[in-house]
């Protein structure tokens, strides 16, 4: 009942005040008709308050964000499903999903009625021009009586996380200088270029493919020798992001820090998709080790860059130590 009293709208409070005033005046003046009118005006919001406070709407809510991770400037869709799991139909429902201002502000809907065990589908779009990780929800349902006297608020605990990643610029494909030091099949190319005589053979073992017999070494050693299997090494590298505040100029999307974050994301995604093993290090010593699969590292990198912030440090020493220890 206390919640219902607090839920009286401006109209409801006005009716209560008017009814109480009319009753007092009727008693003072001895006017029975005014007393009846005052009682009617006073009782109406109280009856609405009692009816709304005793409602036992049982509502279930589900939300889905598609996608849950998106680049800056793209749109995501939030789909809501509100279900009435009680045996009674719902009254007027005002539904509000809490959305941060950076994502467009709150989404509001009005539902006139949900039949017993029925459901309603709601949806809205989210767009962000600023990277970051934001919380969408929880959903709030406002219950109101038909006369607009009382309004109660009930909230769900369910919320979801939307990650807005930096803008990714497509980069042209091409070989990196120095890739011969160990990139994919580059070792195999180096062996082929050197010729068979430079391949270190080994003794023949049972089960070895006879097509790998190295005849020149066999003739020299007097026993079967086979070429060693070509070992393929994966290129590796490190993405280093300088987040020091005094190392960047400008603010917002046009500032050098946002451009550096976008460049790090673009280079990282490009290199990972070409098969390179990467790790991510910042000047503050924050590190993201290489992942076993390119898809896993790409997601982890974008998540880390989505929440990257400028640091107050003045030195690169912590990041430099990470380069040699991790």
- Residues that are in contact (Cβ under 8 Å) with a residue 60 or more places away in the chain and within 23 Å of the chain's Cα centre (by Cα): find the helices (runs of 4 or more DSSP H) completely inside segment 244-326 holding 3 or more of those. 256-273, 294-306
- Query: Restricting attention to segment 124-153, which residues are in contact with a strand residue (DSSP E or B) (Cβ under 8 Å, 6 or more places away or on another chain), in contact (Cβ under 8 Å) with a residue 40 or more places away in the chain and surrounded by fewer than 14 Cβ atoms within 10 Å (Cβ to Cβ)?
  - Reply: 125, 133, 146, 153
- Query: Given 184, 207, which one is outside the structural domain of residue 261 (by TED's automatic domain parsing), surrounded by 11 or more Cβ atoms within 10 Å (Cβ to Cβ) and modelled with pLDDT under 85?
  - Reply: 184
- Test: residue in segment 89-98 that is closer than 17 Å to residue 143 by Cα, out of contact with any strand residue (DSSP E or B) (no Cβ under 6 Å at 6 or more places or on another chain) and at pLDDT below 90: yes
- Filter segment 58-74 for residues that are over 30 Å from residue 169 (Cα atoms) and surrounded by fewer than 17 Cβ atoms within 10 Å (Cβ to Cβ); the one that is modelled with the highest pLDDT is 62
- Item | In segment 1-33, residue modelled with the lowest pLDDT [restricted to those that are in contact with a strand residue (DSSP E or B) (Cβ under 7 Å, 6 or more places away or on another chain) and part of a loop (DSSP other than H, G, I, E, B)] | 7
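The values are calculated or read from the model by the stated rules, or taken from the named source; none is laboratory data. No experiment lies behind these values; they were computed from the predicted model shown. Every residue, glycine among them, receives a Cβ derived from its backbone with ideal geometry; neighbour counts consider all protein chains shown.
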